[in-house]
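Encoded as structure tokens, the structure appears first; notes follow it.
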Amino acid sequence: QVQLVESGGGLVQTGGSLRLSCAASGRSFSNYAMGWFRQAPGKEREFVARIRWTGGITYNADSVKGRFTISRDNAKNTVYLQMDSLKPEDTAVYYCAADQTPSRVLAGTADYWGQGTQVTVSS
């Protein structure tokens, strides 16, 4: 059974940092694109970042570029999201996603999704 499990969320003050992890199990994801999305209360789910199995990276430039860094460790089947200079508007549930087709991750139609981890940034 394929599972994606996020961890690392929590409560942090404005300007603080958090590192989210998404551990994949059930198969090797080394040739999968993986990504992060977030959904704030009352808002649509929003793309945050994607990393291809080759290491190519795409960010939601408007929201997070320059503050968030996505990375992956294929040996550990894990993708990370380092979040720095956090703002209250970053408050959301963060989800990871995985798919063999990178465009499906970007579009939010990936085959595999985690259950989400809450990030709350206090002002």
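The values are calculated or read from the model by the stated rules, or taken from the named source; none is laboratory data. This one's a predicted model, so the numbers in the text were calculated from it and none came from an experiment. Reconstructed Cβ throughout: ideal geometry from the backbone, glycine too, with neighbour counts over all protein chains shown. Note: accessible area is taken over every heavy atom of the protein model, side chains too, but ligands, DNA and RNA are not part of it. Shrake-Rupley method; radii C 1.70, N 1.55, O 1.52, S 1.80 Å.
Numbers at a glance
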| read-out | value |
| --- | --- |
| Test: residue in the stretch 101-114 that is exposed (fewer than 15 other Cβ atoms within 10 Å of the Cβ) and among the hydrophobic types (A, V, I, L, M, F, W, C) | yes |
| Options GLY8, GLY42: the member that is touching a Leu at 6+ places or on another chain (Cβ under 9 Å) and of a type outside the set (S, T, N, Q) | GLY8 |
| Which listed residue, of LEU86, LEU11, is loosely packed, with under 14 Cβ neighbours inside 10 Å and under 15 Å from THR117 (Cβ atoms) | LEU11 |
| So ARG52, is it in contact (Cβ under 8 Å) with a residue 40 or more places away in the chain, closer than 22 Å to SER103 by Cα and open to solvent by 70 Å² or more (accessible area, probe 1.4 Å) | yes |
| VAL121 vs. criteria outside any strand (DSSP E or B), in contact with an Asp or Glu (Cβ under 8 Å, 6 or more places away or on another chain) and touching a residue at least 12 places away in the same chain (Cβ under 8 Å) | no |
| Selection status of ALA75, more than 14 Å from the chain's Cα centre (by Cα), aliphatic (A, V, I, L, M) and more than 14 Å from GLN118 (Cα to Cα) | yes |
| One residue from LEU86, LEU81, LEU106 being assigned to a loop (DSSP other than H, G, I, E, B), of a type outside the set (Ser, Thr, Tyr) and in contact with a Gly (Cβ under 9 Å, 6 or more places away or on another chain) | LEU86 |
| All positions within the stretch 9-47 that are at pLDDT 95 or above and of a type in the set (S, T, N, Q) | GLN13, THR14, SER17, SER21, GLN39 |
| Residues (at pLDDT 95 or above and among the aliphatic types (A, V, I, L, M)) located in the stretch 69-99 | ILE70, VAL79, LEU81, MET83, LEU86, ALA92, VAL93, ALA97, ALA98 |
| Output for the stretch 31-49, where each listed residue is closer than 17 Å to ASP111 by Cβ and surrounded by 12 or more Cβ atoms within 10 Å (Cβ to Cβ) | TYR32, ALA33, MET34, GLY35, TRP36, PHE37, ARG45, PHE47 |
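Per-residue answers, yes or no, for (1) under 17 Å from GLN100 (Cβ atoms); (2) part of a loop (DSSP other than H, G, I, E, B); (3) under 15 Å from the mean Cα position of the chain (by Cα):
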| site | (1), (2), (3) |
| --- | --- |
| SER28 | yes, yes, no |
| MET34 | yes, no, yes |
| PRO41 | no, yes, no |
| PHE47 | no, no, yes |
| ASP62 | no, yes, no |
